[in-house]
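A.B. asks: After the structure tokens below, expect a handful of questions from me.
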Amino acid sequence: MLKKNKCVFLDRDGTLIKDKHYLNKINKIEFIKNTVKGLKYFQNSGFLLIIISNQSGVAKKIISKKKLEDINKYIIRY
């Protein structure tokens, strides 16, 4: 029998952090109130957290892929 995992899918902008419309600087990240507390609750309850995000700014050359990766890594480590 396959082991089933519990997971939560979360959108990045407007759910975890305030939507900055083409966020391209780490110092502009603002977590929505109680986000970190809620995420820790889910993790402690055995949920796998999956963050999804549509970042069209890369295709539009508003943000580089490297900068986007740095921002995402910062959010995950926070």
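A.B. asks: Take every DSSP beta bridge whose two residues both sit in the chain, then give the antiparallel share in percent to the nearest 5.
C.D. replies: Values: 1 of 8 bridges.
DSSP beta bridges in the chain are roughly 10 percent antiparallel.
A.B. asks: Taking all pairs of distinct Cα atoms, average 1/r, flip it, and tell me the Kirkwood hydrodynamic radius of the chain in Å to one decimal place. Intermediate values should be presented prior to the final figure.
C.D. replies: Working: mean 1/r = 0.0732 Å⁻¹.
One over the average 1/r among Cα pairs gives 13.7 Å for the chain.
A.B. asks: On full extension of the chain, what length is gained from K25 through S64, given 0.36 nm per residue of separation minus the C-alpha to C-alpha distance? Write down the numbers at each step before the final one.
C.D. replies: Values: separation 39, 0.36 × 39 = 14.04 nm, distance 1.08 nm.
Gain on extension, K25 to S64, equals 13.0 nm.
A.B. asks: On C-alpha positions alone, give me the angle between the axis of helix 65-77 and the longest principal axis of the chain, in degrees, nearest 10.
C.D. replies: 40
A.B. asks: Going through the cross-link list K18/K60; K3/K40; K4/K67, which pairs have a Cα-Cα distance over 27 Å in this structure? Write out the running numbers ahead of the final one.
C.D. replies: Details: K18/K60 21 Å; K3/K40 23 Å; K4/K67 34 Å.
Where the Cα-Cα span goes over 27 Å, the pairs concerned are K4/K67.
Rule-based calculations on the coordinates, nothing more; no lab input. It should be emphasised that the depicted structure is a prediction, and the values quoted were computed from it without experimental measurement.
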